[in-house]
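Bear in mind that the values in this text are calculations on the coordinates, not laboratory data. No experiment lies behind these values; they were computed from the predicted model shown. Ideal geometry is used to build each Cβ from the backbone, glycine not excepted, and the neighbour counts take in all protein chains shown.
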Amino acid sequence: MFTDRLLAGRKILVTGGGTGLGKAMAAKFLSLGAEIHICGRRKGVCEDTAAELMKLHGGKVTAHGVDIRDADAVDAMIEQCGFEEVSFLSLSSSDYSQVEELVRRGAKVKAFVHYNARGDIGLLRYADPKLLEQVELYFGDLKDPVAVRQAMEGTRAVFHLGALIGIPYS
């Protein structure tokens with residue numbers, strides 16, 4: 001379904017990348033050629049996952065023990081990752097506070113919002129309107145690789161990934 005090496009040359013940071021959906025997404029991005037950074041509160045779990053993924057797919061996976069609720073720790077991790085520019089593609093608009101914080105810290109932020117006939121932007125509607133003006137909105141479906149790729153254009157890092165779980169009105 002995806003072109004080989006589709007994500008070659010990209011660095012992607014997956015929060016919650018040590019287990020579950022985050023781990024699965026990190027594995028897929030790695031298999032497509034991206035350099036992966038995974039983080040979670042339990043660094044040991046992330047380190048085990050990094051070793052497992054590199055054994056399965058090759059490539060490079062770096063583990064970080066970070067609680068993403070700690071903004072200073074996130075800043076330090078991003079600096080350690082070596083991202084030249086912090087651009088953020090939120091594939092989940094469910095936590096608008098993260099989007100707001102990144103804008104406040106000077107990041108170029110894109111938010112991928114599930115397309116719907118109402119043009120509803122989900123919980124981002126609760127974000128500070130002045131900050132939301134600085135966010136580039138992309139409407140689409142996470143299951144559409146073309147839409148996700150278009151949203152990723154010019155993005156150096158994908159910081160937070162949405163789950164492919166259909167929960168009405170979430």
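Data overview
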quantity: Full-stretch length increase - D128, Q150 - with 0.36 nm per residue and alpha-carbon distance subtracted; calculated: 5.3 nm
quantity: Gain upon complete extension [A76, R5; 0.36 nm per residue less C-alpha separation]; calculated: 22.7 nm
quantity: Ordering of 45-57, 69-81 by packing [mean C-beta count within 10 Å, highest first]; calculated: 45-57, 69-81
quantity: When the stretch 101-141 is reduced to its Cα atoms, the Kirkwood hydrodynamic radius in Å; calculated: 10.8
